[in-house]
Amino acid sequence: LAKTTQPISMDSYEGQEVNITCSHNNIATNDYITWYQQFPSQGPRFIIQGYKTKVTNEVASLFIPADRKSSTLSLPRVSLSDTAVYYCLVGEGTALIFGKGTTLSVSS
Amino acid sequence: EAGVVQSPRYKIIEKKQPVAFWCNPISGHNTLYWYLQNLGQGPELLIRYENEEAVDDSQLPKDRFSAERLKGVDSTLKIQPAELGDSAVYLCASSPRLAGDSGEQFFGPGTRLTVL
């Protein structure tokens, strides 16, 4: 399974757009890219998943370049409640390996 | 729709004692996972079930850990005997999809185990 690298932490202010980039140089042809969010004392929660180009849902967008060696999670207009740990995962099917994640801190 | 239910939420035991965690997945979900999460780390997969069959238990320390998923629904994870290093959060997740398909996993709130 491909290993992922993402920043350990990021800071932002309310109302800003936040982009968290994850690198996965060894991504395989069949791998999907998935992002999860985790709050303290809770299990991770699915945010978005994509295979190529761009995926958008009601909470985020996921940008995947043509070579698929990286991906960017975009959170529009973050609020204080978006303070959490964000995990980028790459894998085929249900075999997911979590890294250490990116801790996003949103301030007012 | 009810989410993944885990119990207990917290457990404190002394080392060498046994402990068990219970998980009730979302109704209809074929795949069930047990993860271990240490402080500041991402979840680590312990075992994955597809229905009642354990299809990936390569990371489960089988000398002290055991799991079962009778009838392909509820699951129990047991540690016997517990060691100090087992202190962590144990997460259960379920997914409606089988291996080879994409799709999200739905996580329970976890059981926080403290071994004294």
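The values are calculated or read from the model by the stated rules, or taken from the named source; none is laboratory data. Values in this document were obtained by computation on a predicted structure and should not be read as measured data. Backbone-built Cβ (ideal geometry, glycine too); neighbour counts: all protein chains shown.
Results for (1) modelled with pLDDT under 95; (2) surrounded by 19 or more Cβ atoms within 10 Å (Cβ to Cβ), shown as yes or no for each residue.
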| residue | (1), (2) |
| --- | --- |
| A:M10 | no, no |
| A:C22 | yes, yes |
| A:Q37 | no, yes |
| A:T53 | yes, no |
| A:T72 | no, no |
| A:T83 | no, no |
| A:V90 | yes, yes |
| A:L96 | yes, yes |
By residue number, the members of region B:32-66 that are of a type in the set (S, T, Y) and in contact with a Gly (Cβ under 9 Å, 6 or more places away or on another chain) are B:Y35, B:Y49
Filtering region B:36-50 down to residues that are closer than 13 Å to A:F98 by Cα, of a type outside the set (A, V, I, L, M, F, W, C) and facing chain A (nearest Cβ under 8 Å) yields B:G40, B:Q41, B:G42, B:P43, B:E44
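State the number of residues belonging to region A:45-90 that are among the polar types (S, T, N, Q) and over 20 Å from A:V106 (Cα atoms).
Narrowing region A:45-90 to residues among the polar types (S, T, N, Q): A:49, A:53, A:56-57, A:61, A:70-72, A:74, A:79, A:81, A:83.
In the following step, the residues that additionally are over 20 Å from A:V106 (Cα atoms) were identified as A:49, A:53, A:56-57, A:70-71.
Within region A:45-90, residues that are among the polar types (S, T, N, Q) and over 20 Å from A:V106 (Cα atoms) number 6.
Just name the residue that is nearest to the other protein chains (Cβ to nearest Cβ) out of those in region A:35-82 that are among the basic types (K, R) and in a strand (DSSP E or B).
Filtering region A:35-82 for residues that are among the basic types (K, R) and in a strand (DSSP E or B), the one nearest to the other protein chains (Cβ to nearest Cβ) comes out as A:R45.
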Among (1) on the phi < 0 side of the Ramachandran plot; (2) surrounded by 13 or more Cβ atoms within 10 Å (Cβ to Cβ), B:K62 falls short only on (2)
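Going through B:G85, B:G108, B:G72 one at a time, which residue ends up being among the small types (G, A, S) and within 10 Å of chain A (Cβ to nearest Cβ)? Before the answer, list the steps.
Values: B:G85 fails: within 10 Å of chain A (Cβ to nearest Cβ); B:G72 fails: within 10 Å of chain A (Cβ to nearest Cβ).
After applying the criteria, what remains is B:G108.
Let me confirm something: among A:I64, A:I48, A:I20, which residue is in contact with a Leu (Cβ under 7 Å, 6 or more places away or on another chain) and free of Cβ contacts under 8 Å to residues at least 60 places away in the same chain?
Details: A:I64 fails: in contact with a Leu (Cβ under 7 Å, 6 or more places away or on another chain); A:I20 fails: free of Cβ contacts under 8 Å to residues at least 60 places away in the same chain.
After ruling out the rest, the residue left standing is A:I48.
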Of the listed residues (B:Q59, B:Q80, B:Q37), the one being touching a residue at least 60 places away in the same chain (Cβ under 8 Å), more than 10 Å from the chain's Cα centre (by Cα) and within 28 Å of A:A84 (Cα to Cα) is B:Q37
If we keep only residues of region A:39-51 that are of a type outside the set (D, E, K, R) and under 14 Å from B:F107 (Cβ atoms), then the residue surrounded by the most Cβ atoms within 10 Å (Cβ to Cβ) is A:P44
A:T102 meets each of (1) crowded, with 16+ Cβ neighbours inside 10 Å; (2) more than 14 Å from chain B (Cβ to nearest Cβ) with one exception, condition (2)
Residue hits (region B:55-80; of a type in the set (V, I, T) and farther than 14 Å from B:N30 by Cβ) are B:T76, B:I79
Check your understanding: Can you find a residue in region B:89-103 that is under 14 Å from the mean Cα position of the chain (by Cα), touching a residue at least 24 places away in the same chain (Cβ under 8 Å) and in a loop (DSSP other than H, G, I, E, B)?
Key -> no
